[in-house]
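Chemist: After the structure tokens below, expect a handful of questions from me.
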Amino acid sequence: TQLLEQSPQFLSIQEGENLTVYCNSSSVFSSLQWYRQEPGEGPVLLVTVVTGGEVKKLKRLTFQFGDARKDSSLHITAAQPGDTGLYLCAGAWHFGNEKLTFGTGTRLTIIP
Amino acid sequence: SQTIHQWPATLVQPVGSPLSLECTVEGTSNPNLYWYRQAAGRGLQLLFYSVGIGQISSEVPQNLSASRPQDRQFILSSKKLLLSDSGFYLCAWSVGKFQPQHFGDGTRLSIL
């Protein structure tokens, strides 16, 4: 069974600070996605990474896929209260298989 | 544009009662369909997925079953609910390779 561990589990920081959350596995991903979820709603996709070493930016969010495609990180610059939410990574291990395994999640709270 | 509808939004059921949660997708053909359960503030556990009408893959042994009677309809059922079936149930769809999963707004199920 492939597992995706996210760290930290909880993170609470002041508005304007920077932060990084991590997603790690012992297995190689074919692709990895990051989602953000608000309370009472379904997750919404932020980004998909496919190539080892790939870096994608979405405004103040920077996503990096590890060279070996076993890990990923999400860095937020100058966090804002609107960044508050549950961040989930999700990995696919087999090309052509659309089943995703979701990580354990990081609950982020930005304090105004 | 594609939309996904999931209902009901909340449901309170007694132990031992049956369950039927419905999910429908509009605006796309032959989607992959998924049912997940989410513990409070945590990651998503894949329960079932389907790549076509009548094709159901079960990911974990449990008290639940799924059916796909039409291309864009996915139903989660139980004959007798257990207390442990409480949770937040999410339906999702996707198409193609490396494509994101699009989630419904979920059903909060409470078993009394």
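Chemist: Identify, by number, the condition in (1) touching a residue at least 24 places away in the same chain (Cβ under 8 Å); (2) open to solvent by less than 30 Å² (accessible area, probe 1.4 Å); (3) under 27 Å from residue A:87 (Cβ atoms) that residue B:43 doesn't meet.
Modeler: Going through the list (1) touching a residue at least 24 places away in the same chain (Cβ under 8 Å); (2) open to solvent by less than 30 Å² (accessible area, probe 1.4 Å); (3) under 27 Å from residue A:87 (Cβ atoms), residue B:43 breaks only (1).
Chemist: From the residues in the stretch B:46-72 that are aliphatic (A, V, I, L, M) and under 20 Å from residue B:4 (Cα atoms), which one is surrounded by the fewest Cβ atoms within 10 Å (Cβ to Cβ)?
Modeler: Going through the stretch B:46-72, the residues aliphatic (A, V, I, L, M) turn out to be B:46-47, B:51, B:53, B:56, B:60, B:64, B:66.
Then keep just the ones that are under 20 Å from residue B:4 (Cα atoms); that gives B:46-47, B:51, B:53, B:56, B:66.
Working: B:46: 19, B:47: 20, B:51: 15, B:53: 13, B:56: 16, B:66: 21.
Step by step, filter the stretch B:46-72, then rank; the result is B:53.
Chemist: Hey, another quick one. Suppose we keep only residues that are charged (D, E, K, R) and closer than 19 Å to residue A:40 by Cβ within the stretch B:23-47. Which one would you say is modelled with the highest pLDDT?
Modeler: Filtering the stretch B:23-47 for residues charged (D, E, K, R) gives B:26, B:37, B:42.
Subset that is closer than 19 Å to residue A:40 by Cβ: B:37, B:42.
Values: B:37: 95, B:42: 78.
My answer is B:37.
Chemist: Give the residues of the stretch B:50-83 that are over 11 Å from the mean Cα position of the chain (by Cα), more than 14 Å from every other protein chain (Cβ to nearest Cβ) and not polar (S, T, N, Q), sorted by residue number. If you could, list the steps in order and put the result at the bottom.
Modeler: Step one: of the stretch B:50-83, the residues over 11 Å from the mean Cα position of the chain (by Cα) are B:51-63, B:69-72, B:78-83.
If we keep only those that are more than 14 Å from every other protein chain (Cβ to nearest Cβ) too, we end up with B:53-54, B:62-63, B:69-72, B:78-83.
Those that are over 11 Å from the mean Cα position of the chain (by Cα), more than 14 Å from every other protein chain (Cβ to nearest Cβ) and not polar (S, T, N, Q): B:53, B:54, B:69, B:71, B:72, B:79, B:80, B:81, B:82, B:83.
Chemist: Which one of these is within 14 Å of chain B (Cβ to nearest Cβ) and out of contact with any Phe, Trp or Tyr (no Cβ under 7 Å at 6 or more places or on another chain): A:19, A:100? Lay out the reasoning, then the answer.
Modeler: Working: A:19 fails: within 14 Å of chain B (Cβ to nearest Cβ).
Just one listed residue meets the conditions, A:100.
Chemist: Please note which strands (runs of 3 or more DSSP E) are completely contained in the stretch A:46-96 and include at least 2 residues that are buried (at least 16 other Cβ atoms within 10 Å of the Cβ). Even if it seems obvious, please write down each step before you answer.
Modeler: Numbers: elements: A:55-58, A:61-65, A:71-76, A:85-92.
Result: A:61-65, A:71-76, A:85-92.
Chemist: I need the full set of residues from the stretch B:73-108 which are crowded, with 19+ Cβ neighbours inside 10 Å, in contact with a Phe, Trp or Tyr (Cβ under 6 Å, 6 or more places away or on another chain) and closer than 19 Å to residue B:41 by Cβ, in order please.
Modeler: B:90, B:92, B:106, B:107
Chemist: Restricting the search to the stretch B:84-109, which residues are over 28 Å from residue B:29 (Cα atoms) and either modelled with pLDDT under 95 or facing chain A (nearest Cβ under 7 Å) (or both)? Give the derivation first.
Modeler: Of the stretch B:84-109, the ones over 28 Å from residue B:29 (Cα atoms) are B:84-87, B:109.
Scanning the stretch B:84-109 gives B:84, B:85, B:86, B:87.
The values are calculated or read from the model by the stated rules, or taken from the named source; none is laboratory data. Model, not experiment: these values are computed from the prediction. Ideal geometry is used to build each Cβ from the backbone, glycine not excepted, and the neighbour counts take in all protein chains shown. Keep in mind that these areas ignore ligands, DNA and RNA; they rest on the heavy atoms of the full protein, side chains included. Shrake-Rupley method; radii C 1.70, N 1.55, O 1.52, S 1.80 Å.
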